Amino acid sequence: MASNYENIDLKKAFVSTEPKVEKITPSSGKYAGKETDVAEFNVGKPSWTKNPATGEFVKGDTTYYQVKMYGEEGARTASHLKVGMSVNVEGSKSTENWKDKSTGEERTKNVITAKDVSLNLSQSRVKGIEFDPSKEKDQAQTTDKAKAPKESPAKAAKAPTAQKKSSQER
């Protein structure tokens, strides 16, 4: 059971499990009735507190989240992630509660439905990045054309046209 959706922007979390991608057909939401990918992986976010006596930061408990990212973006993101990578996760956070069938204990899990997952490039273990600007450029041009305001034919007909002056008229 999921409850309490809230926006979350998790910075500098670490990937704690290898991402898995499955095909699903949701019954509701953006992908309802369409087969789509869902990527799932876990991230951990340690807490830090400052020791007032020494001024040093001390690592505290780590909070873990299951991350789900849908569609082609999820599959593409999962293909680049490795355990230990530092990432930022933006999306909607919810809490799932259930009763463990074998022990009868109440269990809780933090879940983030991710809109975006980005790699922290400042980490020392990043050795290289590949980027194909032609794919993004094509997508951006399509998006820009779709967003461009369309002028009505009547307004276009009334618009003044520029005419070149001949050298004699100048």
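Within the set Thr161, Thr142, Thr95, Thr113, the sole residue that is surrounded by 10 or more Cβ atoms within 10 Å (Cβ to Cβ), modelled with pLDDT under 50 and either of a type in the set (Ser, Thr, Tyr) or under 19 Å from the mean Cα position of the chain (by Cα) (or both) turns out to be Thr142. The single condition among (1) under 15 Å from Val111 (Cβ atoms); (2) touching a Ser or Thr at 6+ places or on another chain (Cβ under 8 Å) that Gly71 does not meet is (1). Yes or no: the range 49-72 includes at least one residue that is open to solvent by 90 Å² or more (accessible area, probe 1.4 Å) and within 23 Å of Phe131 (Cβ to Cβ). Scanning the range 49-72, I find at least one residue that is open to solvent by 90 Å² or more (accessible area, probe 1.4 Å) and within 23 Å of Phe131 (Cβ to Cβ), so the answer is yes.
The values are calculated or read from the model by the stated rules, or taken from the named source; none is laboratory data. Please read all numbers here as calculations on a predicted model, not as lab measurements. We place every Cβ from the backbone using ideal geometry, glycine too, and count neighbours over all the protein chains shown. Only protein heavy atoms, including side chains, enter the accessible area calculation; ligands, DNA and RNA are left aside. Shrake-Rupley method; radii C 1.70, N 1.55, O 1.52, S 1.80 Å.
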